[in-house]
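For reference, the structure is listed below as structure tokens.
The values are calculated or read from the model by the stated rules, or taken from the named source; none is laboratory data. Predicted model only: the values in this text are computed from it and were never measured. As a convention, Cβ positions derive from the backbone with ideal geometry for all residues, glycine included, and neighbour counts pool all protein chains shown. Protein only, heavy atoms only, side chains kept; ligands, DNA and RNA dropped before computing areas. Shrake-Rupley method; radii C 1.70, N 1.55, O 1.52, S 1.80 Å.
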Amino acid sequence: MTIKVLGYAAQSSKAPLSPYYFERRDPRADDVVIDILYCGVCHSDLHQARNDWGFSQYPLVPGHEIVGRVTRVGPSVSKFKAGDLVGIGCMVDSCRECSSCKQGLEQYCEEGNIQTYNGIDRHDHMPTYGGYSRTIICSEDFVLRIPENLDVQAVAPLLCAGITTWSPLRRWGVKAGSKVAVIGLGGLGHMALKLAHAMGAEVTLFTRSPGKEADARQLGAQHVVLSTDPQQMEAVKGQFELIIDTVPYAHDINPYMPTLTLDGTLVFVGLLGDIEPAVSTLPLILGRRSVSGSCIGGIAETQEMLDFCGQHNITADSEVIRMDQINDAFERLLKSDVKYRFVIDMQTLSD
């Protein structure tokens with residue numbers, strides 16, 4: 001028994017997204033059925049729809065920044081009830097038994113977490129379809145509680161952009177007085193500024209664009225450094241305990257390494273692929289500095305992030321679009337023509 005659902009799908013890497021009916025599983029005992037209200041548009045949705053990473057399976061229904069209301073629950077569900085405001089992020093299951101899963105780090109599941117879309121369900125082996133649709137069904141263990149005080153249409157990007165930047169801030173122990181820098185001001189970068197500022201850190205934005213200073217300060221940066229200006233870069237040598245690099249394409253990180261403190265770390269959260277040009281080990285060895293990476297966050301820390309955002313009234317700066325505007329939104333994403341995240345109003349899907 002399955003449930004027929006309307007969504008928007010890419011039928012191939014060259015095809016625009018268009019309406020598509022597909023089947024979701026009949027709810028299992030631990031499942032939550034969710035009526036989707038809003039879904040964020042992540043850059044990875046675009047990459048997957050166009051098979052930029054080489055592993056897309058079609059038809060593909062994107063969307064992993066999902067906010068909605070519970071409509072019903074399975075008989076063994078204890079965490080949620082009908083009417084609850086909830087979210088689903090980038091994953092909907094994992095093995096739950098490996099050392100990573102037992103630490104609450106399901107994103108690093110040794111068997112591979114099950115992605116919200118373009119994945120294969122562990123139990124019935126059906127393909128997973130994402131949030132560009134009316135309804136989603138998910139195990140309660142991968143559903144998140146959304147604080148009711150937050151602007152519901154601006155919450156969705158927290159489930160990817162928010163947790164992707166929160167996780168390294170927590171992992172590297174950012175606290176009041178920490179000196180943190182962020183490279184790049186887009187969907188990830190603007191969340192990194194907001195979250196680090198709310199944690200009490202002294203926050204700096206590195207940017208190549210002089211015109212971004214006013215926005216950066218409004219989002220929580222106390223300082224803005226033009227990374228193309230050698231004098232400005234020299235002035236911040238040895239300052240930052242943590243640099244969060246949100247840039248999604250290959251770029252030279254060598255100029256940033258001397259700005260780290262002793263034992264400072266630059267963490268990649270945006271780039272998937274090779275670092276070009278190569279990183280010189282000189283500043284690493286002479287300053288015991290590190291280059292690392294971080295992937296989204298576990299379910300527990302995602303809930304922690306959402307609760308923190310509820311306490312501090314933090315949401316994403318977003319532009320709400322209709323479902324039928326998604327292909328235009330993808331084109332605008334390619335030009336970085338959004339401040340700072342698109343969110344789809346899923347009530348427009350049936351229009």
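Things to note:
- Per DSSP, loop chymotrypsin sites (Phe, Trp or Tyr not before Pro) in region 176-259 with at most 12 further Cβ within 10 Å: 249
- Bridges between two residues of the chain, per DSSP, are antiparallel at a rate of about 55%.
- Taking every DSSP helix (H) stretch of at least 4 residues in the chain, weighting each as -39,500 (n - 2.57) and dividing the sum by the residue count yields a mean residue ellipticity at 222 nm of -6000 deg cm²/dmol.
- Computed in the context of the full set of protein chains, the accessible area of region 238-351 at 1.4 Å probe radius has 50% of its extent on carbon or sulfur.
- A simple spin-label model places the labels of residue 284 and residue 124 4.6 nm from each other, with each point 7 Å out along Cα-to-Cβ.
- Tally of Lys pairs whose C-alpha atoms are under 25 Å apart, taken over the chain, 8 or more apart or cross-chain: 15
- Per residue value of the accessible surface for the chain (all protein chains in place, 1.4 Å probe), Å²: 43 Å²
- Against the chain, whose longest principal axis comes from its Cα atoms, helix 187-198 is set at around 70 degrees.
- Average Cα contact separation per residue, region 190-263, under 8 Å, 6 or more apart, as relative contact order %: 26 percent
- For residue 71, the residues 5 or more places off, or on other chains, whose built amide H falls under 5 Å of its own are 33, 34, 35, 83.
- Counting every alpha-carbon pair across region 24-75, the share separated by more than 18 Å comes to 48%.
- Derived scalar couplings ³J(HN,Hα) [region 135-152; Karplus, 6.51 cos²θ - 1.76 cosθ + 1.60; whole Hz; x for Gly, Pro]: 9, 9, 10, 8, 4, 4, 6, 10, 9, 10, 8, 9, x, 5, 7, 7, 5, 4
- Loop-located chymotrypsin sites (Phe, Trp or Tyr not before Pro) in region 2-108 whose Cβ has at most 13 other Cβ within 10 Å (DSSP): 53, 55
- A cut-off under 14 angstrom between Cβ atoms defines the neighbours of residue 307, and their net charge, with Lys, Arg +1 and Asp, Glu -1, is -1.
- Here, region 234-299 yields an orientationally averaged convex hull projection of 4.8 nm² when only Cα atoms define the hull.
- Extending 7 Å from Cα along the Cβ direction at residue 262 and again at residue 350 yields two label points whose distance is 6.4 nm.
- With Cα atoms, 0 to 90° folded angle of helix 299-312 axis to the chain main axis: 70 degrees
- Convex hull volume of region 133-185 per residue (C-alpha atoms, cubic angstrom): 153 Å³
- Taking every C-alpha pair closer than 8 Å and separated by at least 6 residues, the mean separation divided by the residue count of region 71-152 gives a relative contact order of 29 percent.
- Relative intensity, log₁₀ I(q)/I(0), of region 48-133 from a Debye sum that treats every alpha carbon as a point, q = 0.14, 0.21 Å⁻¹: -0.59, -1.16
- Virtual spin-label span in nm between residue 55 and residue 98, 7 Å along Cα→Cβ: 1.1 nm
- Relative to the longest principal axis of the Cα atoms of the chain, the long axis of helix 161-171 lies at roughly 50 degrees.
- The convex hull built on the alpha-carbon positions of region 216-326 has an orientation-averaged projected area of 9.9 nm².
- Spin-label proximity, residue 82 to region 17-53 - amide N less than 19 Å from point 7 Å beyond Cα toward beta carbon: 26-37
- For region 114-205, Kirkwood radius (reciprocal of mean inverse C-alpha pair distance, Å): 15.4 Å
- Packing rank of 330-340, 258-268, 87-97, where each peptide gets the mean count of other beta carbons within 10 Å, highest leading: 87-97, 258-268, 330-340
- Distances between placed amide hydrogens fall under 5 Å for residue 120 paired with 115, 128, all partners being 5 or more residues away or on another chain.
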